[in-house]
1. Using a 1.4 angstrom probe on the protein heavy atoms only, line up ILE147, ILE55 by accessible area, largest first.
2. With a 1.4 Å probe and every protein chain left in place, tell me how much accessible area TYR116 has, in Å² to the nearest 10.
3. According to a simple spin-label model (label point 7 Å from Cα along Cα-to-Cβ), what is the distance in nm between ASN34 and ASP151?
4. Sorting GLU60, GLU128, GLU149 by accessible area (1.4 Å probe), largest first, what list results?
5. Report the calculated FRET efficiency for LEU133 and ASP109 (r = Cβ-Cβ distance, R0 = 22 Å), to the nearest 0.05.
Amino acid sequence: SGHQAPIVPQRACSSYRPGCTLCCCSAMFCAISNTTPEVPVVSSKSGHLFEKSLIEKALESSGGRCPVTGELLAASDLLPLKVGASVKPRPAAATSIPGMLSLFQNEWDALMLELYSTKQAHDSARQELGHALYQHDAACRVIARLIKERDDARRALTEAQPAAPAPAAAAAAA
C-alpha cells in the first residue's frame with residue numbers, strides 16, 4: 001500500500017541504495033564507450049544510445065554499420081536527444097582514498113610540469129629582454145657619441161671659417 005518497490009538500476013553504481021531515484025542509476029550510457037555521453041544521439045533503427053562523435057567515427061570506419069547490431073545505419077538515422085545539463089559522475093578512480101590520492105598525484109605532476117615549462121618560458125623571455133635592452137643601450141651610446149662628434153666637427157668648422165680669408169677678397173687683392 002504505502003510501500004513502493006525499489007527501483008533496480010540497469011547498471012549498478014557505487015552510490016546505489018534501494019529506493020534511490022536520484023543517483024546516476026537512471027543515467028544513460030553510450031553503447032560503445034559505456035560512459036555518459038556529452039552529445040547523446042539515439043539510433044532510430046535499434047534504439048541504442050551513442051556519443052555522437054564515437055558513433056560517427058564507428059560508422060565511418062565500418063562502412064555504415066551499427067557497431068552493436070551490425071545492421072546498416074546512416075548518420076540520418078541518428079536522432080539527437082535533448083537532455084538537461086547534468087553533473088558528470090565521478091570516475092571510478094575517485095571513489096576510493098587510494099584512487100583519489102592517485103588523481104591528486106597526477107594533477108600535482110601535471111601542475112608541476114606546467115610550472116616548469118612556464119618558468120623556462122619566463123627565463124627565455126627574460127634573457128631575450130636583457131639582450132634587447134643591452135642592444136638598445138649600446139645603440140643609444142653610439143648615437144650620443146656620433147652626435148657629440150658631429151657637434152664638435154660643426155664647432156671646429158665654424159671656428160675655422162672666420163680665420164680663413166674669403167676667396168673673393170684674396171682674388172681682389174691680387
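The values are calculated or read from the model by the stated rules, or taken from the named source; none is laboratory data. None of the values given here were measured: they were computed from a predicted structure. Cβ atoms come from the backbone with ideal geometry, glycine included; neighbour counts cover every protein chain shown. Heavy atoms of the whole protein, side chains included, go into the accessibility calculation; ligands, DNA and RNA do not. Shrake-Rupley method; radii C 1.70, N 1.55, O 1.52, S 1.80 Å.
1. I get ILE147, ILE55, largest accessible area first.
2. Per-residue accessible area (TYR116): approximately 130 Å².
3. Distance between label points: 8.4 nm.
4. Sorted descending by solvent-accessible area, the residues read GLU60, GLU128, GLU149.
5. On the way: r = 36 Å, r/R0 = 1.64.
E between LEU133 and ASP109, to the nearest 0.05, is 0.05.
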